[in-house]
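This report refers to the structure that appears directly beneath it.
The values are calculated or read from the model by the stated rules, or taken from the named source; none is laboratory data. Predicted model only: the values in this text are computed from it and were never measured. Positions of Cβ are backbone-derived with ideal geometry, glycine not excepted, and every protein chain shown enters the neighbour counts. Only protein heavy atoms, including side chains, enter the accessible area calculation; ligands, DNA and RNA are left aside. Shrake-Rupley method; radii C 1.70, N 1.55, O 1.52, S 1.80 Å.
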Amino acid sequence: MTALLVPAVLAVALLTTAVAGPLVIRAAAPALMRAPRAAVTLLLAVGALWLVAAAALSLLLAWVLSGPTVLPSGMAGVCQRCLDASSPFPAVDLVDTVVPVALLIALPVAGAMILVATAIFRGVRRLRATRATARDIAARADSRIVDGHRVMLTHDLRPTAFSLPHRHGGIVLSRGLVEVLHPDELAAVIAHEREHVHGRHHLALGVLEAVIAPLHRLPLMSAIHNAVPLYLEIAADRAASRRAGTPALASALLKLGGTVGAHAPTPHRVVLHAAGPDRIGHLVSPARIGASLVPAIALGAATAAFALMAVVVHGPYLSVILTGCRLAT
């Protein structure tokens with residue numbers, strides 16, 4: 001029964017993280033906002049490694065449980081020897097259950113295949129949406145140099161600014177925006193969008209939409225899905241503030257705040273908007289880190305623990321597969 005302690009602890013950790021994760025992410029926000037690019041990496045890593053650790057739970061149980069045989073005897077014997085060769089619990093007394101061990105191994109494999117297929121489907125759909133958006137913008141915009149940067153300038157009189165991936169057009173501004181903003185404010189907006197493009201923020205959004213979004217019913221995944229776009233915007237704000245100054249950026253965001261969200265010309269998750277006033281407080285008066293450092297460290301610790309579990313569990317299985325299960329024959 002001692003061997004069951006490890007999967008039991010992992011199961012509790014997975015459940016706790018899945019349920020309490022949103023609270024931890026919200027509590028860590030003041031600390032994460034100080035390093036938004038690192039925050040995006042951390043949040044995406046937490047989500048991905050949680051999935052890997054969930055698969056590891058099933059594989060852990062396959063080492064310590066025994067159940068009815070559902071495979072032909074020859075194949076079942078080979079599989080059992082492969083399990084014995086990879087197991088870190090060689091002398092453990094297996095716990096008899098009604099669950100076939102083959103099912104415990106098949107579940108994470110099937111889950112991974114479904115997740116990959118879903119990610120590919122959503123990724124292709126997103127790429128098509130991005131291309132359609134780029135074609136639409138190209139049909140009603142001109143390529144111009146504004147404030148020393150090449151942008152796509154639309155004839156829209158509403159002040160809007162957003163960005164697409166570089167190969168699909170990059171920075172997009174409306175004529176209304178150029179007319180309503182002062183030169184320093186315009187420079188701030190362009191610097192904001194330039195950071196989105198050159199920081200490859202669209203790639204992070206693509207991973208978010210392909211891998212995390214399909215699992216949004218899990219509280220942890222929903223929190224990550226909601227938080228990552230905010231930290232991408234904060235990262236762009238910080239870059240724009242360094243280049244053009246905080247007053248100019250805050251003023252530009254105020255002018256954009258009432259229009260960008262209401263008149264978004266393209267799908268929200270395909271483009272990145274220079275959205276408005278919600279972030280001005282973070283620019284002008286950032287929240288003190290204070291106690292938020294503790295939950296931020298907890299997120300990092302959870303990520304490290306899930307990564308360690310992935311190596312400890314998936315590593316032996318991968319080693320046995322790569323060696324052709326020689327140790328098991």
* For Ile171, list long-range residues whose amide hydrogen, built 1.01 Å from N in the peptide plane, is under 5 Å from its own amide hydrogen. => Met152, Leu164
* Arranged from highest to lowest average of other beta-carbon atoms within 10 Å per residue, in what order do the peptides 149-160, 54-65 appear? -> 54-65, 149-160
* Using a 10 Å cut-off on Cβ atoms, rank the peptides 246-256, 212-222 from the highest mean neighbour count down. => 246-256, 212-222
* Structure fact -> Taking Ser241, Ser319 and ranking on accessible area (1.4 Å, protein atoms only), highest first, one gets Ser319, Ser241
* Asked: Which of the peptides 227-237, 121-131, 135-145, 196-206 is most tightly packed, and how do the rest follow, going by the mean number of other Cβ atoms within 10 Å of each residue?
  -> 227-237, 196-206, 121-131, 135-145
